[in-house]
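Only one structure is covered here, and it is reproduced in the block below.
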Amino acid sequence: MSPRAFSAAVLACVAFAGSARAEEDAPHEETDPAALFRGAHEALVAERPGEAIAKLEALADRGVVDAVVSFDRGLAYAARVRAGGEQPGDLGRAAHGFEETRELTRDPTLAADATSALAIVRSEVARRRSRAGESVELQHGSSLGRSIVELLPENAWAVIAAAMTLALSAAILTRRRAAFPRAKVAATTSAAIAGALMLGTSALAWAARDARLHLREGVVIAPNARLLDARHLAMDGVAPVPEGARARIVDESAGFSHVVVGEADGYLPSSAVLPLARR
């Protein structure tokens, strides 16, 4: 994607954000998060991305976790790149904002907008890496198990498991009371299917709960970060991690984060990986 196309795409996202939110009167920004957000949005629409970033980061410092705030933060960093005032890590922070939006929102429209904006940012990262002669692979697919777990929410898997438990109980009861051989065979078959589905969906519900409670992910915000080994020395033969790449955070200690990016496992300075907020 050319710089001009990248600028036009980001500008379109900013324009959408401007039309999606109404203006309101509010108290002083320093004492009211809503006013702080409104000021950030106004600065973003007025093409003052630096001011918008400062206000949106101030909201994050206050512990505000909201999909719309994350979306606007991603737009603000992308807009600063478009405006020519880019600072190192801006594309990674833009990607982080859009990734976080997808984690937090339940609005399919906002999720789609964040996905589109994320694709624009990663296309720009890929273009730059290609020009530098580096690998342009930015995303690694989730494992099959993880993909299956994410097909449905945790509660949906639990409800299906409960329904299969009832179906299994009904099949066992029917088999005991059935007077005809065919009815017994049908009940036995139903019990086998319901039992297998009950075990499978129970396992998926447990996996979804475990991911919600323990899985920590982040986005690499440092340009071309090098993975380190356990001694915190650069690993030979491992390509730099692309800015904006999503990583699983295994552990953090002494200023370093143990991360997994795709198939690569190593350490990065904690300042190079920004954790994602989750619902």
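The values are calculated or read from the model by the stated rules, or taken from the named source; none is laboratory data. Predicted model only: the values in this text are computed from it and were never measured. Using ideal geometry, Cβ is built from the backbone for each residue, glycine included, and neighbour counts are taken over all protein chains shown.
Give me a count of the residues in segment 221-275 that are among the acidic types (Asp, Glu), under 26 Å from Asp61 (Cα atoms) and surrounded by fewer than 14 Cβ atoms within 10 Å (Cβ to Cβ). Give the steps one after another, and end with the answer.
First, pick out the residues of segment 221-275 that are among the acidic types (Asp, Glu): 229, 236, 243, 251-252, 263, 265.
Filter again for under 26 Å from Asp61 (Cα atoms), leaving 243, 251-252.
This time we only want the ones that are surrounded by fewer than 14 Cβ atoms within 10 Å (Cβ to Cβ), so: 251.
Within segment 221-275, residues that are among the acidic types (Asp, Glu), under 26 Å from Asp61 (Cα atoms) and surrounded by fewer than 14 Cβ atoms within 10 Å (Cβ to Cβ) number 1.
State yes or no: is Glu86 outside the structural domain of Gly244 (by TED's automatic domain parsing), in a helix (DSSP H, G or I) and not hydroxyl-bearing (Ser, Thr, Tyr)? Give the steps one after another, and end with the answer.
Working: outside the structural domain of Gly244 (by TED's automatic domain parsing): yes; in a helix (DSSP H, G or I): no; not hydroxyl-bearing (Ser, Thr, Tyr): yes.
In short, no.
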Exercise for review: Please note which helices (runs of 4 or more DSSP H) are completely contained in segment 107-224 and include at least 3 residues that are in contact with an Asp or Glu (Cβ under 9 Å, 6 or more places away or on another chain).
Suggested key: 108-131, 181-214
Exercise for review: Run Leu173 past the list (1) exposed (fewer than 14 other Cβ atoms within 10 Å of the Cβ); (2) closer than 28 Å to Arg212 by Cβ and report the number of the one that doesn't hold.
Suggested key: (2)
Check your understanding: Going through segment 88-115 one residue at a time, which ones are without any contact (Cβ under 8 Å) to a residue 24 or more places away in the chain, in contact with a helix residue (DSSP H, G or I) (Cβ under 7 Å, 6 or more places away or on another chain) and either of a type in the set (S, T, N, Q) or within 21 Å of Glu150 (Cβ to Cβ) (or both)?
Key -> Arg102, Ala111, Thr115
Review point. Yes or no: Ala196 in contact (Cβ under 8 Å) with a residue 60 or more places away in the chain, in the same structural domain as Glu150 (by TED's automatic domain parsing) and among the small types (Gly, Ala, Ser)?
Key: no
